[in-house]
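This report concerns only the one structure given below.
The values are calculated or read from the model by the stated rules, or taken from the named source; none is laboratory data. Everything numeric here is computed off the predicted structure, so don't read it as measured data. Counting neighbours? That spans all protein chains shown, and the Cβs are built from the backbone with ideal geometry, glycine included.
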Amino acid sequence: MSRPVSEVKVLVVDDQSAIVEQLCEFLKAKGYACTSALSTNEAIERYVADPAIGLVICDLHMPERDGIELVRALKQINPGQRMFEAIMLTGRAEKQDVIRALREGFADYYQKPMDLDELLEGVRRQEEVLVERQRNLSDLGGLNQRLQELADSVDELYQDLEKARGLGAHRRAGDAEDTESELPAVFDKLSPRQLEVARLVGKGKTNYQIACELGITENTVKLYVSQVLRLTHMHNRTQLALALTPGSAPVHQRFTAH
């Protein structure tokens, strides 16, 4: 029974064209689509141009830029969104080179001349690893999206409840001392719950303390803080706290005029 064609494309990189041709021909016969490069710079161009590439087989020692530099460069391309697994080939398997390569991100290595059947097994193993990583990334993205939607829904329900009670956004969120000071206009975008969390952050309270005070989980607090920073265009909790501090006129004016 022949192996089905893989959806993962292999990029083969070596400065010796004969090796590149041999490996590409062998892998294509085993069901893998291949593309080739004879240098690190050419390999980077191939990788950027073809999002189907998920496996990289490359020589360690190449002129100008070696295989380690190649893997380092590929990891900088769409980090967190695109991933690959790399297998190293080497004709001089010095221990320090191998250790350096594995630390940089190579998953496996093979000594030249390669046993092609052993290399094929390695390619299949790394393909499985890659597919699992991609599946986990997809699942995580979906979970984050659902959490965000849930937080937004809770926020809308809370806002509706506040309206039903006849409470204004600022009255529900703050105490008498807080309401005495006018907030920057950018805070008008916040829902009552978001504003409530923002004020507690401004008082210097930790996520754990806020969670205990509001009766919600610490993870939910983190979501609210993230929403507040995004909606107010602030970079961190310190900046948020300064904007909410009475008497910090320069900060107050800056965010009011944003």
Open item on the list: So, in the stretch 86-122, how many residues would count as being of a type in the set (D, E, K, R), touching a Gly at 6+ places or on another chain (Cβ under 9 Å) and under 19 Å from LEU38 (Cα atoms)?
Closed with: 1
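Anything in the stretch 201-218 that is at positive phi and of a type in the set (A, V, I, L, M)? List them, or say none.
none
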- [ ] From ASP50, ASP66, grab the single residue that is more than 25 Å from the chain's Cα centre (by Cα), assigned by TED's automatic domain parsing to the domain that holds ARG135 and among the charged types (D, E, K, R).
- [x] ASP66
Open item on the list: Residues to consider are ASP108, ASP97; find the one that is of a type outside the set (A, V, I, L, M) and either at pLDDT 95 or above or more than 21 Å from SER6 (Cα to Cα) (or both).
Closed with: ASP97
Task: In the stretch 73-96, residue nearest to LEU120 (Cα to Cα) [restricted to those that are surrounded by 13 or more Cβ atoms within 10 Å (Cβ to Cβ) and among the charged types (D, E, K, R)] - done: GLU85
Task: First in the stretch 28-54 and closer than 20 Å to LEU119 by Cα, second anywhere and small (Gly, Ala, Ser) and assigned to a helix (DSSP H, G or I), Cβ under 6 Å, 6 or more apart - done: ALA37/ALA43
- [ ] Could you identify the single residue in ILE57, ILE99, ILE44 that is exposed (fewer than 14 other Cβ atoms within 10 Å of the Cβ) and among the hydrophobic types (A, V, I, L, M, F, W, C)?
- [x] ILE99
